[in-house]
1. Using the basic label-point model (7 angstrom from Cα toward the beta carbon), what is the R51 to Y73 distance in nanometres?
2. Over the chain, how many percent of alpha carbon pairs lie in each 5 Å bin up to the one with the longest distance?
3. Restrict the search to segment 38-74; then list the trypsin sites (Lys or Arg not before Pro) that DSSP places in a loop and that have at most 12 other Cβ atoms within 10 Å of their Cβ.
4. Please compute the per residue accessible area over the chain with all protein chains in place, 1.4 Å probe, rounded to a whole number of Å².
5. Given a Förster radius of 25 Å and the C-beta distance between E41 and D8 as r, what FRET efficiency does 1/(1 + (r/R0)^6) yield to the nearest 0.05?
Amino acid sequence: QANIIFHDGYPHPIDFGRCGFGYFLYDIAHTILGLYPSQRELVIKGYESNRKLVGDWLPALESFTVMVMIENYCHHALDPRETEGLKEEQPYAQAIIKHYLMGTPFLFNSIEV
C-alpha cells in the first residue's frame, strides 16, 4: 500500500523491484498481501476482468501469499526502524499461518487474531 502514490486523484504504483517478474499468482500475492479480504476480492475481480483464473488457483495463491509474507519479513527484518511494526503484525501473521497449515481458506475471510 505504501507503494501507491496519487497524482491528480489517480493511483500510480511505484517500486516494482519485487513484482512483475514471477509466476502470475506470486505477483498477485504481492499485490494483495496488505489488503483486507474485501479489497482482495476486488483485486481478483479486476484481474479476472482481463484474464480468468482457471483450475484450483485459490490454494496456490494462499501458498504464495504465505511465502510473500515470509519474504517481506526477511526483507524488512534487518532495518531496526521496521522492528516495532513487524512485532505488531505477528498476531495477524500467526493467524494466517495457522489457517494455512490447517487448510482453512483465509484470503477472502476475516480472521480472528
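The values are calculated or read from the model by the stated rules, or taken from the named source; none is laboratory data. Since we're looking at a predicted model, the values are computed, not measured. Using ideal geometry, Cβ is built from the backbone for each residue, glycine included, and neighbour counts are taken over all protein chains shown. When the accessible area is computed, the model is the full protein with side chains, heavy atoms only, and any ligands, DNA or RNA have been set aside. Shrake-Rupley method; radii C 1.70, N 1.55, O 1.52, S 1.80 Å.
1. 3.0
2. Values per bin, smallest distances first: 2, 10, 18, 24, 21, 15, 7, 2, 0.
3. Values: sites: R40, K45, R51, K52; in loops: R51, K52.
Answer by residue number: R51, K52.
4. Details: 7990 Å² over 113 residues.
Using a 1.4 Å probe on heavy atoms only, each residue of the chain averages 71 Å².
5. On the way: r = 27 Å, r/R0 = 1.09.
According to the calculation, E is roughly 0.35.
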